[in-house]
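See below for the structure under consideration.
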Amino acid sequence: MACETSIKEKLGLVQVYTGNGKGKTTAALGLSFRAAGRGLRVAMVQFMKPEEGYGEQVSAGSLENFEIYPMGMSPLVGREPAPEDIRAAEEALSKARELMYSGCYDLIVMDEVNVAMGWGILRTEDVLEMLGGRPENVEVVLTGRYAPDKVIEYADLVTEMVCVKHPFDKGIGARKGIES
C-alpha cells in the first residue's frame, strides 16, 4: 500500500511510553500497526528481547511494511548486565541509527531502549544525539521503564503507564499471545 505524501509531511515527533505499568510495547505495536495500515514503513528494534518467537515477532512477518529486529540477550531480571548485554545494546542502537537514517522508514520504534538507558547499558547522550540528527520526517517511539529525565524533556509526547493491578501479583506469569 502506498502512503499519501501529506501523511509523511506531518511526521517527525518523538514519543515516549514509560512507567511501571503494562502496555508500553503493546501501545507501540498498536501505533505501528496503524502506521503500516496507512502505508508508512515501520521498523522496530527490540533492545531487551532476543529472537524467541514473541507474538509480535511472528506477526510482523505477515505485514508488508513492518519489520522487527530482536537484538537483545536473555532477560536481565535478577542479574547484572554482562559485557554481552552491553554489546547487544550497542549493536541495537547502531541498527536503530542505520534504519532511522536510511530513508527507508517513516516510523522507528526503539523497544525497551529506556530500560537500557535507565540501567546504564546505553548512554542517554548517545540516544539523544541520534534523535537530534534524525531525518526531519521520521517519527520515533521509545518504550520501556526508567525513561531518563533528559529523554522525557526532549520528547514531544510522553505517556506514563501506571500499574494499578497486575496478574503477576497473583502468581500468573507471562502468557503466550497476551504478554509474549
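The values are calculated or read from the model by the stated rules, or taken from the named source; none is laboratory data. All figures in this text were calculated on a predicted structure; none of them were measured in a lab. Heads up, the Cβs are rebuilt from the backbone with ideal geometry, glycines too, and the neighbour counts pull from every protein chain shown. Ligands, DNA and RNA are excluded from the accessible area calculation, which covers all protein heavy atoms including side chains. Shrake-Rupley method; radii C 1.70, N 1.55, O 1.52, S 1.80 Å.
A few notes on this one:
- Shape box of the stretch 57-131 [Cα atoms, principal axes, largest first, Å]: 38, 30, 16
- Compactness ratio for the stretch 1-96: Cα radius of gyration over 2.2 N^0.38 Å (N = residue count) comes to 1.21.
- Taking a sphere under 12 Å around the Cβ of Gly21 and counting the other residues whose Cβ falls inside, with K and R at +1 and D and E at -1, yields a net charge of +3.
- For Glu136, the solvent-accessible surface computed with a 1.4 Å probe is close to 150 Å², ligands and nucleic acids excluded.
- Heavy-atom accessible surface of the stretch 104-180: percent carbon and sulfur, 1.4 Å: 51
- Accessible area (Å², per residue) of the stretch 76-123, counting only protein heavy atoms and a probe of 1.4 Å: 45
- Computed lengthening from Glu125 to Ser180, 0.36 nm per intervening residue step minus Cα-Cα distance: 16.8 nm
- Cβ-based charge dipole, the chain, positive-most Cα from Ala36, Leu128, Thr26: Thr26
- Rel. contact order, % - alpha carbon contacts under 8 angstrom, at least six apart, the stretch 1-142: 33
- Label positions at Lys165 and Tyr101, each projected 7 Å from the Cα along the C-beta direction, are separated by 4.9 nm.
- Unit Cα scatterers, Debye sum, the stretch 123-180: log10 I(q)/I(0) for q = 0.17 Å⁻¹: -0.75
- The chain: translational diffusion in µm²/s, Stokes-Einstein, Kirkwood Rh over Cα pairs, 25 °C, 0.890 mPa s: 148
- Solvent-accessible area, 1.4 Å probe, carbon plus sulfur percent, for the stretch 1-48: 56
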